[in-house]
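Note sheet for the following structure.
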Amino acid sequence: MKHTGLLLVVTGLILLQLSIQLPQQNVAWGVTLGASIFLNLTGTGLIMRSLHIQTGRR
């Protein structure tokens, strides 16, 4: 689960960099930025859940 979270966060960061590089703020910019935020939040949630499960086992 932690690897999936890291993959989602990295993908979100790539989309964030793409949204910064777009010349105009249009629909594509909004979709790219929205997807970046969603992927970063989801990936962070998965990482936090994985860390919580690991600390609960000890």
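One residue stands out in the stretch 6-58 among those that are of a type in the set (Lys, Arg) and in a helix (DSSP H, G or I): the one that is farthest from the chain's Cα centre (by Cα), namely Arg57.
In the stretch 1-20 there is at least one residue that is open to solvent by 90 Å² or more (accessible area, probe 1.4 Å), touching a Lys or Arg at 6+ places or on another chain (Cβ under 9 Å) and of a type in the set (A, V, I, L, M). Taken over the stretch 34-58, residues that are open to solvent by 40 Å² or more (accessible area, probe 1.4 Å) and under 11 Å from Gly5 (Cβ atoms) amount to 6.
The values are calculated or read from the model by the stated rules, or taken from the named source; none is laboratory data. Just so it is clear, the structure is predicted and the values come from calculations on it, not from any experiment. Note that each Cβ is placed from the backbone with ideal geometry, even for glycine, and that neighbours are counted across all protein chains shown. For the accessible areas, the whole protein counts, side chains as well, though only heavy atoms, and no ligand, DNA or RNA atoms are used. Shrake-Rupley method; radii C 1.70, N 1.55, O 1.52, S 1.80 Å.
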